[in-house]
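Since the structure comes first, as structure tokens, the remarks are kept for the end.
The values are calculated or read from the model by the stated rules, or taken from the named source; none is laboratory data. In this text, all values refer to a predicted model and were calculated from it rather than measured experimentally. With ideal geometry, Cβ positions are generated from the backbone for all residues, glycine too; neighbour counts draw on all protein chains shown.
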Amino acid sequence: MHFRFGLLKARELGQVATGSKRKAVSWLGVVFSAALLTVVFSVPTYAVHDTGVFQLDGDASSSTQPLSPPALDDWDKVCHQYAVPANCPASTDTTGSTSGAWTSEPNPSASIFTGGGSKDPQDITNWAWKDAGGLPDKDNLLHAFAVRYSLDPAATCPSGGAAKCEVIFFGSDRLDNSGDAQQGFWFLKSKVGLGTNSVGGGTGFTGSHQAGDILVISDFSNGGTTSTITVYKWDPSCTATNKPDGACGDANLRRLETSDAAKCSAAAGVGDPFCGIVNAGTITMPWTFVDKSGTPGNGALNGEFYEAGINLSTLGLAGECFSSMVAETRSSTSTTATLKDFVVSSFGKCESGIATIAKDGNGNPIPGGGLSIGTGSVSVKDSATLTVNGISTWSGSVSFFLCGPIPTGTCDGTINTGTQIGSGQSVNQSTVQPILSDAAGVTSAGRYCWRAKFTSGTTGLGDATDDGSGTIPNPECFTVNPVTPTLTTAATCSATPCVLGSTLSDTAALSGTANKPGTPAINPTTAGGPAGGTITFKAYGPNSCTTVAFTSSPVTVSGDNSAYGPVSFGPTAVGTYVFVASYTGDSPNTNGAGPTACPEGTIKTETITVTDTSAVVSGQTWVPNDSATASSGSGLTPLNGTLTIELHESNDCSGAAVSGQTYSKTLSNATLLADRTLTTTNSTYSVSVTKSVSWKVTFTSSDPNVSSPTTFSCEVTSLTITN
């Protein structure tokens, strides 16, 4: 019988077989390309069916071992692990497979190829499909499956110099065995599925060919005794058969190897880098299987089941990563054969991922409170752990970027692109992880974020970026804290003891400042200068922390210095005064130093008490008064007239009388002594120093019979006052 590999129908990812109009899809991570190169294996030394990992014995059950050598896995385990939904009664998964697929055709009338562009040398963008029956039953696929392993090199699994022996096993079953069936298996780097666009009278596919896609075409004849397998690689440099060289099997298809003795059996298959086999008799399938003949018990007749394997490493394809598998039936073994039925499968995840954690300059995780900028800069690094799935041999580079300072967001590569730190580091499957970035120097306080990017150097393996945006708290972002310098003060008084009228002064010593930021903030090329900012002095008092007695003009700062100031003022009242000095710094000294009010803060405050003196001074005073009496010469005549007394600041009653110190009394027929006497009542004029004063006394008679005195009377007092 002829059992060929041809292009299988594309199926959408995740589509399920049962009850669906579409064939189930699972993405395969390996691609088989085309172009025929005939190779003769004259001295075989290895065999893809002798690895001891997977059975290529013409049945699908792991419990039925081949004659030699025994192997761990078969398609029942693949079905158990990769079928969606689960469709196999097996109890275990495969033994360490890296990717796989098991996909069911929903019904015999599910989609088939249509249109003239649906041929293997054509790009997938030219393929078309439709839902229709009518295919020969022998070309109608029911299930397609594949599995990949990454094995240590051994005599039974050579790697061709690659780090691993990469092998893929694949197969299918069909509705009927009444005739030969040529089959093809594509292993594709792109994700391929059923599209919705119109192409060539049908509906198109999604995805396209990439250089390195693999096509394996298989043909069984003579009742399954003869197996012919040809391996092609998609190569756009081939323009037609034998053009530009003899290895071109057709346009875009370069033949890698071919053999007409590729049956997987101990007698005929020794030394094969690839082989295939069909069931020689009726077998029991480990999943639900109903052929056209209605063979009971999930029975598959001779030739209804096919399986094969290929060693990618010996073909130089170990580093290829495949995302999709397409199994197909074809009209012949020709590269231009009409394609018939197909099944599209996802073949595992050919993808990369990178996770990062910000570190300090010594490679330690940054604490939650962030880092201190120290004396002007701080060293930081990033740590990346790279994961690659679906392929064991790969290469690429990892680049690190640092953004900041930024208030919010991450180093996402768009809004915040960041500064690349170092050059891209070459990595491959042997690189020791985690991968550390070069050290970056940060000179500005604030919030910073890392971003790490993996750029794949392997076709089919995508890039990966991590900026920590999906993790809370974000391990990629960290804080660089400003420094808090130390500020001490020393207050003094110009006199001892400090009495009112003295001068109070304060001096500040600033230490522990950080230099100004360089330019730019990350890995600066221009160094920053000494810390700037200002120191302001205040004095509170007296005896109050709310009353400001003095505020200095800002004193300019230029780095650490033990003698900023002094500033001085003269207090106007006695009491205790408190000096407070505060430093307002520039970045990264934005925390400043010193209290901002009395007596807050942990920095020492300075207090000075201002006092005053007292003394006792005595002072004697004399308030002069006088008394005068008028009398007649005979002493018998009543008196009429005016009696006057005046105080003079002289010793002879000369000069003007002291203001307010003139006293008068009118006498009328005055005979009594009291009526003829005038007494002064001075209480406002006093004498406090040694001095002479005099009283001038006059009487002016108003009686024509009594004459006035011809002279005035003058009384003199001379005082000596000692205080």
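Got a number for residues in region 230-263 being at pLDDT below 90 and either among the hydrophobic types (A, V, I, L, M, F, W, C) or surrounded by fewer than 17 Cβ atoms within 10 Å (Cβ to Cβ) (or both)?
3
Output the number of residues of region 106-123 satisfying the condition of being surrounded by 24 or more Cβ atoms within 10 Å (Cβ to Cβ) and touching a Phe, Trp or Tyr at 6+ places or on another chain (Cβ under 9 Å).
We begin by selecting, within region 106-123, every residue surrounded by 24 or more Cβ atoms within 10 Å (Cβ to Cβ); these are 110-113, 118, 120.
Subset that is touching a Phe, Trp or Tyr at 6+ places or on another chain (Cβ under 9 Å): 111-113, 118, 120.
Going through region 106-123 one residue at a time, the tally reaches 5.
Could you go through region 355-371 and let me know if any residue there is surrounded by 15 or more Cβ atoms within 10 Å (Cβ to Cβ) and over 21 Å from the mean Cα position of the chain (by Cα).
Looking through region 355-371, none of the residues is surrounded by 15 or more Cβ atoms within 10 Å (Cβ to Cβ) and over 21 Å from the mean Cα position of the chain (by Cα).
Evaluate the following for residue 492: is it in a strand (DSSP E or B), in the same structural domain as residue 406 (by TED's automatic domain parsing), modelled with pLDDT of 90 or more and over 25 Å from residue 531 (Cα atoms)?
no
Looking at 75, 129, 102, can you tell me which residue is over 45 Å from the mean Cα position of the chain (by Cα), closer than 18 Å to residue 59 by Cα and of a type outside the set (A, V, I, L, M)?
Working: 129 fails: closer than 18 Å to residue 59 by Cα; 102 fails: over 45 Å from the mean Cα position of the chain (by Cα).
None of the other options fit; the residue is 75.
Can you work out which of the residues in region 296-315 that are surrounded by fewer than 24 Cβ atoms within 10 Å (Cβ to Cβ) and either aliphatic (A, V, I, L, M) or under 41 Å from the mean Cα position of the chain (by Cα) (or both) is farthest from residue 428 (Cα to Cα)?
Step by step, filter region 296-315, then rank; the result is 301.
Scan region 602-609 and give yes if some residue there is modelled with pLDDT under 90, closer than 28 Å to residue 517 by Cβ and either surrounded by 14 or more Cβ atoms within 10 Å (Cβ to Cβ) or aliphatic (A, V, I, L, M) (or both), otherwise no. Full working, then the answer.
Of all residues in region 602-609, those modelled with pLDDT under 90 come to 602-607.
Okay, now just the ones that are also closer than 28 Å to residue 517 by Cβ, so 602-603.
Next cut, either surrounded by 14 or more Cβ atoms within 10 Å (Cβ to Cβ) or aliphatic (A, V, I, L, M) (or both) only: 603.
Scanning region 602-609, I find at least one residue that is modelled with pLDDT under 90, closer than 28 Å to residue 517 by Cβ and either surrounded by 14 or more Cβ atoms within 10 Å (Cβ to Cβ) or aliphatic (A, V, I, L, M) (or both), so the answer is yes.
Within region 317-330, which residues are assigned to a loop (DSSP other than H, G, I, E, B), in contact with a Leu (Cβ under 8 Å, 6 or more places away or on another chain) and among the small types (Gly, Ala, Ser)?
Answer for region 317-330, where residues must be assigned to a loop (DSSP other than H, G, I, E, B), in contact with a Leu (Cβ under 8 Å, 6 or more places away or on another chain) and among the small types (Gly, Ala, Ser): 318, 323.
Could you please tell me which pairs satisfy a Cβ distance under 6 Å, a separation of 6+ or placement on different chains, a first residue in region 433-455 that is assigned to a loop (DSSP other than H, G, I, E, B), and a second residue that is β-branched (Val, Ile, Thr)?
Hits for this filter: 433/385; 434/385; 437/421; 438/421; 445/373; 445/480.
If residue 149 satisfies all but one of (1) of a type in the set (Ser, Thr, Tyr); (2) in contact (Cβ under 8 Å) with a residue 60 or more places away in the chain; (3) surrounded by fewer than 24 Cβ atoms within 10 Å (Cβ to Cβ), what's the number of the condition it fails?
(3)
Only residues that are buried (at least 17 other Cβ atoms within 10 Å of the Cβ) and out of contact with any Gly (no Cβ under 8 Å at 6 or more places or on another chain): list them for region 493-508, please.
Listed by number, the residues that qualify are 493, 498.
Run residue 444 past the list (1) modelled with pLDDT under 90; (2) closer than 30 Å to residue 82 by Cα and report the number of the one that doesn't hold.
(2)
What is the number of the single condition among (1) without any contact (Cβ under 8 Å) to a residue 60 or more places away in the chain; (2) crowded, with 18+ Cβ neighbours inside 10 Å; (3) not polar (S, T, N, Q) that residue 73 does not meet?
(1)
Pick from region 688-723 the residues that are among the polar types (S, T, N, Q) and either under 60 Å from the mean Cα position of the chain (by Cα) or in a strand (DSSP E or B) (or both): which of them is surrounded by the fewest Cβ atoms within 10 Å (Cβ to Cβ)?
Result: 718.
Restricting attention to region 221-228, does a residue exist that is outside any strand (DSSP E or B) and not polar (S, T, N, Q)?
Yes: one or more hits.
Identify, please: which residue in region 509-553 is free of Cβ contacts under 8 Å to residues at least 40 places away in the same chain and within 24 Å of residue 375 (Cβ to Cβ) and is, among those, nearest to the chain's Cα centre (by Cα)?
519
Return only the number of the condition from (1) buried (at least 17 other Cβ atoms within 10 Å of the Cβ); (2) over 30 Å from residue 251 (Cα atoms); (3) touching a Ser or Thr at 6+ places or on another chain (Cβ under 6 Å) that residue 327 does not satisfy.
All conditions pass for residue 327, except number (2).
How many of the residues in region 610-627 are part of a strand (DSSP E or B), at pLDDT 90 or above and either among the hydrophobic types (A, V, I, L, M, F, W, C) or in contact with a helix residue (DSSP H, G or I) (Cβ under 8 Å, 6 or more places away or on another chain) (or both)?
Qualifying residue count, region 610-627: 1.
Give the residue, chosen from 409, 413, that is within 30 Å of residue 515 (Cβ to Cβ) and surrounded by 14 or more Cβ atoms within 10 Å (Cβ to Cβ).
409
Of the residues 674, 657, only one is touching a His at 6+ places or on another chain (Cβ under 7 Å) and either over 30 Å from residue 573 (Cα atoms) or outside the structural domain of residue 492 (by TED's automatic domain parsing) (or both); which? Reasoning before the result, please.
Details: 674 fails: touching a His at 6+ places or on another chain (Cβ under 7 Å).
Answer to the check: 657.
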